[in-house]
1. Scan region 49-80 residue by residue and report those that are surrounded by fewer than 21 Cβ atoms within 10 Å (Cβ to Cβ), under 12 Å from the mean Cα position of the chain (by Cα) and of a type in the set (A, V, I, L, M).
2. If we only count strands (runs of 3 or more DSSP E) wholly inside region 89-165, which ones have 2 or more residues that are open to solvent by 40 Å² or more (accessible area, probe 1.4 Å)?
3. Considering only residues that are assigned to a helix (DSSP H, G or I) and hydrophobic (A, V, I, L, M, F, W, C), which ones fall in region 173-217?
4. Out of ASN35, ASN3, ASN8, ASN28, report the one residue that is modelled with pLDDT under 70 and either under 24 Å from GLY88 (Cβ atoms) or open to solvent by 100 Å² or more (accessible area, probe 1.4 Å) (or both).
5. Within region 183-203, is there a residue that is open to solvent by less than 40 Å² (accessible area, probe 1.4 Å), within 17 Å of MET110 (Cα to Cα) and touching a residue at least 24 places away in the same chain (Cβ under 8 Å)?
6. If ILE136 satisfies every condition in (1) touching a Phe, Trp or Tyr at 6+ places or on another chain (Cβ under 8 Å); (2) closer than 24 Å to SER200 by Cβ but one, which is the exception?
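The values are calculated or read from the model by the stated rules, or taken from the named source; none is laboratory data. Here the structure is a predicted model, which means the values were calculated and not measured. Note that each Cβ is placed from the backbone with ideal geometry, even for glycine, and that neighbours are counted across all protein chains shown. Heavy atoms of the whole protein, side chains included, go into the accessibility calculation; ligands, DNA and RNA do not. Shrake-Rupley method; radii C 1.70, N 1.55, O 1.52, S 1.80 Å.
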Amino acid sequence: SINQEIKNDEEFVNVINPYKEKLDKEMNQKISHTNVDLTKQGDNSNLGNLLADYTFDGANEWTKTNLKKNVDAALINIGGIRTTIGKGDILLKKVFEVMPFENEVIIVKMKGTDLQGLFDYYAKNQVNNPVSHLYIETNNGKLSKTLIDGKPVNPSQEYYIATSDYLALGGDNMKFFSKGEPIPTGIKLRDLFIEYFKKSSEIDPKEEIRLNFIGKK
């Protein structure tokens, strides 16, 4: 029977302790700082916008190098952001709590005409899945304005959208991605977030309206 009388195996504890201490030290290292709470609340959450921008920037860097193209926009899911980050020092372990999954960055090459599916998805669901370099406005559930990188969609252009493998495969019911061509990058989203947090000693999240659901119930 398992009870309180079972003693720790001291030999085992002694073997794992150095590794545990090393991991604890690593996980508790400060990688950045924020003067405001980074939350996932609202249609344009500051943490959502920030992580969508990090996804865009990291994917764009990779795409320029490997495809000689630019990324046009990025899209991640709010459900994949598992917790918030309180103001103060940002420790490495916090990013593991925010993004505990091993999701990979995928570039989806899409025709301009197929982007309509993306906009229709937001109009129908009125969901706060964070975006970068996209503006989606609806009025009483109907699309009223859609922009990609500040410009209307060109139906004959090919666009490169950065997202996660989960969404690229149709997660969160994002079936519109199936019309595109998925290009794997091998980059883990969490590694990307850690890299970009480390690049900024002070996080200054953008308060920006990207999803504007007018008359949302």
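1. ILE78
2. On the way: elements: 104-111, 134-139, 142-148, 158-164.
Per the criteria, 104-111, 134-139, 142-148.
3. Keep residues of region 173-217 that are assigned to a helix (DSSP H, G or I), which gives 173, 175-179, 189-199.
Result: PHE176, PHE177, LEU189, LEU192, PHE193, ILE194, PHE197.
4. Working: ASN35 fails: modelled with pLDDT under 70; ASN3 fails: either under 24 Å from GLY88 (Cβ atoms) or open to solvent by 100 Å² or more (accessible area, probe 1.4 Å) (or both); ASN28 fails: modelled with pLDDT under 70.
On inspection, the qualifying residue turns out to be ASN8.
5. The answer is yes; a qualifying residue exists.
6. (2)
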